[in-house]
Amino acid sequence: MSEHYYTKNPGVKSNPNKIVADLRGQQLQFKTDSGVFSKKEVDFGSKLLIESFEEPEVEGDIVDAGCGYGPIGISLASEFSNRRFYMLDINERATELAMNNAIKNRVHNVTVMTSDQLSAVKDQRFASVLTNPPIRAGKDVVHGIFEDAHHVLKERGTLWVVIQKKQGAPSAVTKLEEMFEHVETVVKKKGYYILKAVK
């Protein structure tokens, strides 16, 4: 299998790119690079997740699991400036980009960490976790993120997931329903599902 973005140190040669994206009414700039997810534009699934997200009723911080170069965490941290966002990715090139992109967009309420799934924050408790999971890493990794999210969420905390129907949305729903008190499909659009699970 060829190397993909779900790796600690991408071997592919760096080839930086800059993009501008309108997210939740804000124009944000991102530096991207080879070896990170969706380097040419903010992908449709991430945009749909960003636009669909609702601030949790529970107080507390929020996790962007698999943050890539940062569009989800940075756009939401910019809007919900009263909360701290923890942006996690196994890919060190991605976390370096995310850190720089937060600074570039003057978003200061973020903590960016290199982390295999949610291991770096396993002892903390959060109001929400968002993820556009790394489907190409396989079902075990994706479902591991769901399990980690359940572990770190506070009571009544929410997990938000974007996943394509053809890439396992039905089995993701089944897995979430085994763990969470309530699971709903908030949006279906162009084959993408936005799932919200309440602990």
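Sort Ser34, Ser128 so the one with the fewest other Cβ atoms within 10 Å of its own Cβ comes first. The order, fewest Cβ neighbours first, is Ser34, Ser128.
Of Arg106, Arg156, the sequence from fewest to most neighbouring Cβ atoms within 10 angstrom is Arg106, Arg156. Here the spin labels are modelled as points 7 Å beyond Cα on the Cα-Cβ line, and at Gln27 and Ser81 they lie 1.9 nm apart. The Cα atoms of the chain define a convex hull whose projected area, averaged across directions, is 10.0 nm².
Subtracting the Cα-Cα distance of Gln164 and Asn100 from 0.36 nm times their residue separation leaves 20.1 nm of extension gain. Residues of segment 59-89 with an amide N closer than 20 Å to a point placed 7 Å from the Cα of Lys18 along the Cα-to-Cβ direction: 69-72, 74-75.
Loop-located trypsin sites (Lys or Arg not before Pro) in segment 13-54 (DSSP state other than H, G, I, E, B) with a sparse environment of at most 12 neighbouring Cβ atoms within 10 Å: Lys13, Lys40.
Listed by chain and number, the aspartates and glutamates whose alpha-carbon sits under 17 Å from that of Lys188, ignoring those within fewer than 8 places in the same chain, are Asp43, Glu51, Glu54. Hey, which of these cross-link pairs are over 30 Å Cα-Cα: Lys31/Lys190; Lys13/Lys122; Lys139/Lys189? Among Lys31/Lys190; Lys13/Lys122; Lys139/Lys189, the Cα-Cα distance tops 30 Å for Lys13/Lys122. Bridge orientation summary for segment 17-198: considering DSSP beta bridges with both residues in this region, about 55 percent are antiparallel.
A short reminder: the numbers here are calculations on the coordinates, not readings from a lab. Quick caveat, the model's predicted, so the values are computed rather than measured. Because the Cβ atoms are built from the backbone with ideal geometry, glycine has one as well, and the counts that use them run over all protein chains shown.
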